[in-house]
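Taking it in order: structure first as structure tokens, then the write-up.
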Amino acid sequence: MNKFYGTGVAMVTPFKADGSVDFPGLKKLIDHIIDGGVEYLVSLGTTGETATLTKEEKQDIWDFTIETVAGRVPLVAGIGGNNTAEIEETLRNFNPEGFDAILSVSPYYNKPSQEGIYQHYKAIAEASPLPIILYNVPGRTGSMVSAETIIRLANDFKNIIAVKEASANFDQFNKIAKEKPEDFMLISGDDPITLPMIALGAVGVISVVGNALPKAFSTMVRMCLAGNFVEAQPLHYSLLEFTNLCFVEGNPAGVKSALKQLKVCDDYLRLPLVPVSNSTKDKISKELSLFN
């Protein structure tokens, strides 16, 4: 599954002022990211504000994304949540044509036990028509998928092929990298620690910052994967402040502000999310100027 080596981008969902999906903006975004040299795209991950989208909107976005990508890069669909039966139903009705894998966030709010998390993903693995990338992001879900559970799932289900790790826990990363099956992939889910994660054995990143700066970020990741960490360090450091600004007032508000300034798409969000402050916009603009 080396199609998932390198930089994947968890795409934002552009909106119009009236709150409807901005499909021309989505086309510009897809072209902008692909032209920046990334390896693959994630459609409707959590960065895509999926919690505020209807089933019909999600399907329309997937259909449009498949048509626009037109096979230029691999494509991952975000299908996750905290209602296991609903996800199973979605997967059984999902048309996999045009997609290469599923990214599925661990259950949020419910705070299941590790056995509950295992059984949740077991049900998904048995229902999914495509390979699955687990997504561990305890800062958003309120619960941690332990390294032991990840390794157990990787060993028990051959169609669970990777984990997007956004726990910021290097003990977790070390254990996964050391004990995982050889063909199971560790993927960074935190832009600013992608370089050290690759040094530990990660095969790349699923990025937010890559929406705005796909060329710079994917270049840095390819340097790291080639073992050129010293050469990658200046680019890594140059991206840190911009990355921090993208998250300081919430994701995807920061990166949408950058995309508006780059004239890719507007910065509208759906409530309860709101645009970043003027102060943060100005700081983002200053950092963007360093890459133009």
So, first residue under 13 Å from Leu269 (Cβ atoms) in segment 10-25, second residue of a type in the set (A, V, I, L, M) and assigned to a strand (DSSP E or B), Cβ within less than 7 Å, six or more apart or across chains; the pairs are Thr13/Val21; Phe15/Val21
If you go through Val221, Val248, the only one that is buried (at least 20 other Cβ atoms within 10 Å of the Cβ) and either hydroxyl-bearing (Ser, Thr, Tyr) or under 19 Å from the mean Cα position of the chain (by Cα) (or both) is Val221
For segment 6-24, the count of residues that are within 30 Å of Gly201 (Cβ to Cβ) and small (Gly, Ala, Ser) equals 3
Can Glu86 be described as acidic (Asp, Glu) and either over 20 Å from Leu41 (Cβ atoms) or crowded, with 16+ Cβ neighbours inside 10 Å (or both)?
yes
Looking across segment 9-32 at residues that are surrounded by 20 or more Cβ atoms within 10 Å (Cβ to Cβ) and assigned to a loop (DSSP other than H, G, I, E, B), the single one that is farthest from the chain's Cα centre (by Cα) is Pro14
Checked Leu259, Leu273 against criteria (in contact with a Cys (Cβ under 7 Å, 6 or more places away or on another chain) and surrounded by 15 or more Cβ atoms within 10 Å (Cβ to Cβ)); the one match is Leu259
Flagged in segment 167-198 as of a type in the set (D, E, K, R), assigned to a helix (DSSP H, G or I) and surrounded by fewer than 21 Cβ atoms within 10 Å (Cβ to Cβ), in numbering order, are Asp171, Lys175, Lys178, Glu179
The correct count of residues that are surrounded by fewer than 16 Cβ atoms within 10 Å (Cβ to Cβ) and either under 15 Å from Val205 (Cβ atoms) or touching a strand residue (DSSP E or B) at 6+ places or on another chain (Cβ under 8 Å) (or both) in segment 153-166 is 1
Tell me whether segment 127-135 contains one or more residues that are buried (at least 22 other Cβ atoms within 10 Å of the Cβ), over 18 Å from the mean Cα position of the chain (by Cα) and farther than 25 Å from Ile193 by Cα.
yes
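Read-outs: derived from the displayed coordinates by stated rules, not from any lab. Everything numeric in this text was worked out from a predicted model, so none of it was measured. Virtual Cβ from ideal backbone geometry, glycine too; neighbours counted across all protein chains shown.
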